[in-house]
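Q: The structure follows.
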Number of protein chains: 2
Amino acid sequence: MTSYKDNKVITIGTVNELTGLSERQIRYYEERGLIYPKRTKRGTRRYSFSDIEILMKIADKREDGVQTNEIRKDMINKKKDTDIRDEMLRGQLNAHFKKLR
Amino acid sequence: MTSYKDNKVITIGTVNELTGLSERQIRYYEERGLIYPKRTKRGTRRYSFSDIEILMKIADKREDGVQTNEIRKDMINKKKDTDIRDEMLRGQLNAHFKKLR
DNA sequence: CGTGTAAGGAATTCTGACACG
DNA sequence: CGTGTAAGGAATTCTGACACG
């Protein structure tokens, strides 16, 4: 589950290069609850490739004038969808194995 | 081909954390031709997850007393093997398509 | 040969704040 | 609300070199 994609090892400077977003923007989106970088012992932020993809989507929406508040809600809803799908799948598998017993 | 795994975005400090190798060691293995980090405009090194895997293999071999020179030769030979396999595969595909014409 | 270390400089990252709007 | 910026401090990274062996 923790593949390269989700490994938080990238500094904010590199994220800036990769996304074109300013460090100020990147930190602000964190403050608004859109991303959650890891912190090293010393306190510097580390991002994953997943974080970078999320940031690029955020950048797109911001360009369309969508507020961080809206973006966050959308992300939560999409997560809910995924959770529901997961739950349904689990339920079906469960029923399936029950039948086999 | 350029997946997350081969994307050179990790600083030497993080590589140190991930591999346990000192910065001195990491730079020395580069000097010996075992790894090739990217350089940013400013000149700081950036490594990929692939580089980190190679470094961990190097660390193992060094513990067994294998010299950097030997390690490099091994790496070149393995690359040659891969190249030969690729070439053979290409040849077979070629023959196959020739037949189809 | 492989690795540690001190040296000095340059660039990075962090936080809290003021600014504009 | 979202983002820029100057401020000051602390940690990072780089190179060339001396050291030991």
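The values are calculated or read from the model by the stated rules, or taken from the named source; none is laboratory data. Please read these numbers as outputs of a predicted model, since none were measured by experiment. FYI the Cβ positions are ideal-geometry reconstructions off the backbone, even for glycines, and counts take in every protein chain you see. The accessibility values were calculated without ligands, DNA or RNA, using every heavy atom of the protein model including side chains. Shrake-Rupley method; radii C 1.70, N 1.55, O 1.52, S 1.80 Å.
Q: Using a label point 7 Å beyond Cα on the Cα-Cβ vector, give me the inter-copy distances for A:LYS41 in nanometres, one decimal, shortest first.
A: Copy-to-copy label distances at A:LYS41, shortest first: 3.4 nm.
Q: Also, I was wondering about something else. If the label point is 7 Å along Cα→Cβ of A:THR44, which residues in the range B:12-31 have backbone nitrogen under 18 Å from it?
A: Counting backbone N atoms under 18 Å from the label point, the list is B:12-27.
Q: Placing a label point 7 Å from Cα toward Cβ, how far apart in nm is A:VAL66 from its equivalents in the other copies, listed shortest first to one decimal?
A: Sorted ascending, the copy-to-copy spacings read 4.9 nm.
Q: Hey, another quick one. Charges on Cβ only, +1 for Lys and Arg, -1 for Asp and Glu, centred on the Cα centroid of the protein assembly as shown; of B:MET56, B:PHE97, A:VAL9, which one is farthest towards the dipole's positive end?
A: Result: B:PHE97, furthest along the dipole toward the positive end.
Q: About its Cα centre, how strong a charge dipole does chain A have in debye, to the nearest 20, once Lys and Arg get +1 and Asp and Glu get -1 at the Cβ?
A: Charge dipole of chain A: 660 debye, to the nearest 20.
Q: What is the percent carbon and sulfur in the accessible area of the range B:4-100, measuring with a 1.4 Å probe over the protein chains and ignoring ligands?
A: 51 percent
Q: Placing a label point 7 Å from Cα toward Cβ, how far apart in nm is A:GLY20 from its equivalents in the other copies, listed shortest first to one decimal?
A: 4.3
Q: Quote the Stokes-Einstein diffusion coefficient, in whole µm² s⁻¹, for chain A, based on the Kirkwood radius over alpha carbon pairs, a temperature of 4 °C and a viscosity of 1.567 mPa s.
A: 83 µm²/s
Q: Sticking with this one: For the protein assembly as shown, with only Lys/Arg (+1) and Asp/Glu (-1) charged at the beta-carbon, what is the dipole magnitude about the Cα centre, in debye rounded to 20?
A: That gives a dipole near 200 debye.
Q: Just which residue of chain B brings its Cβ nearest the axis of rotation onto chain A, and by how many angstrom, rounded whole?
A: Result for the axis mapping B onto A: B:TYR4, 2.
Q: Right, here's the next one. Multiplying the sequence separation of B:THR82 and B:MET56 by 0.36 nm and subtracting their Cα-Cα distance, what value in nm do you get?
A: 7.3 nm
Q: Hey, with R₀ at 45 Å, roughly what FRET efficiency would A:ASP64 and B:GLU70 work out to, going by the Cβ-Cβ distance, to 0.05?
A: Step by step, r from the Cβ atoms, then E = 0.20.
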